[in-house]
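The structure appears right after this line, and notes come after that.
No lab work stands behind these numbers, since they all come straight from the coordinates. Since the model is a prediction, treat every value here as computed from it, not as a measurement. Neighbour counts are summed over all protein chains in view; Cβ atoms, including those assigned to glycine, are modelled from backbone coordinates with ideal geometry.
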């Protein structure tokens, strides 16, 4: 299957004096996909996406979006893309409808913003000043402003940071709908669950470098990360850790008080642990399993050490 790359980044570098923000990274974003760059704060995500958007001048490398150069062809390109910045604001007294109406006048092609407000859940807040909107309402307004020119490619930088879980899931649903409409989405996030749920492909970036790039499913599968079984002992069992380690599917065991975490892999892991507990007459509760996820991939590739 052939893919049409709408974004091509080759050997991108960005320096701030002697500080390396982005170090020689390359990737493509394919038409119609949700592509994500994930990593911790300070990893280089925003610098990368702002270079692609044409908002920041790279130190080196080549960037093309729809075959255009973001800096040289900025005016033409901005007619085809939508941008939601990591930090945005509007004049505090501007009303929702005024912001939408104003931004629609900036483009040679725009959609009727009245069609957006119901979808964005802003129909009851058209006369509300920006300063009076909630955090989630402001985010939805900025999505509307990013969609006002009916773009082919939309950039979202840390869209759900600071939102409560309900608002975050609402944003995820909205992004899926936008993508279903045929729009290509390029997002950055430090929420691994967000990237795993939304993205077709993910580039994991750390300290300015891409350390892995693939679909979330392939990243998880290819690293052979352990599954986890967690349960609570109903009573003391002195040797349970060493006994469980003798099972073929088990790689290691952690005991924290009466809480036991069993790590392992293979199709027989769960049945082996359950059969062992049953055969030994060991009473347990709160039994659950946890499959590997993108956060496990990230921690495996980058380590758990906190960095500034």
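Would you mind computing the Rg to Rh ratio of the chain from its alpha-carbon coordinates, Kirkwood style for Rh?
1.08
What nm distance separates the two modelled labels at residue 177 and residue 282, each placed 7 Å from Cα along Cα→Cβ?
For the pair residue 177/residue 282, the computed spacing is 4.9 nm.
Could you tell me what fraction of 2.2 N^0.38 Å the Cα radius of gyration of region 1-68 comes to, as a two-decimal ratio?
1.12
Taking square-rooted eigenvalues a ≥ b ≥ c of the alpha carbon gyration tensor, is region 217-260 rounded, prolate or oblate, where a/c under 1.5 means rounded and, failing that, a/b exceeding b/c means prolate?
Prolate shape, in that a/c is at least 1.5 and a/b is the bigger ratio.
With no solvent and one equal point scatterer per Cα, compute the Debye intensity ratio I(q)/I(0) for region 56-180 at 0.09, 0.11, 0.12 Å⁻¹ and report its log10, rounded to two decimals.
Evaluating at q = 0.09, 0.11, 0.12 Å⁻¹ gives log10 I(q)/I(0) of -0.27, -0.40, -0.48.
Cα convex hull of region 46-99: how many Å³ per residue?
So the per-residue Cα hull volume is 101 Å³.
Within 10 Å of each residue's Cβ, count the other Cβ atoms and sort 238, 13, 183 from fewest upward.
Starting with the residue having the fewest Cβ neighbours, the order is 238, 13, 183.
Measure off 7 Å from each Cα along the Cα-to-Cβ vector at residue 289 and residue 248, then give the distance between these two points in nanometres to one decimal.
Distance between label points: 1.7 nm.
Using only Cα atoms and rounding to the nearest 10 degrees, what angle (0 to 90) does helix 165-180 make with the longest principal axis of the chain?
60
What percentages make up the Cα-Cα pair-distance distribution of region 222-288 when the bins are 5 Å wide from 0?
Whole-percent P(r) values from 0 Å outward: 3, 17, 33, 28, 12, 4, 2, 0.
Sorting 138, 45, 280 on the 10 Å Cβ count, fewest up front, what's the list?
280, 138, 45
Using only Cα atoms, what Kirkwood radius does region 164-278 have, in angstroms?
With all distinct Cα pairs of region 164-278 included, I get 17.5 Å.
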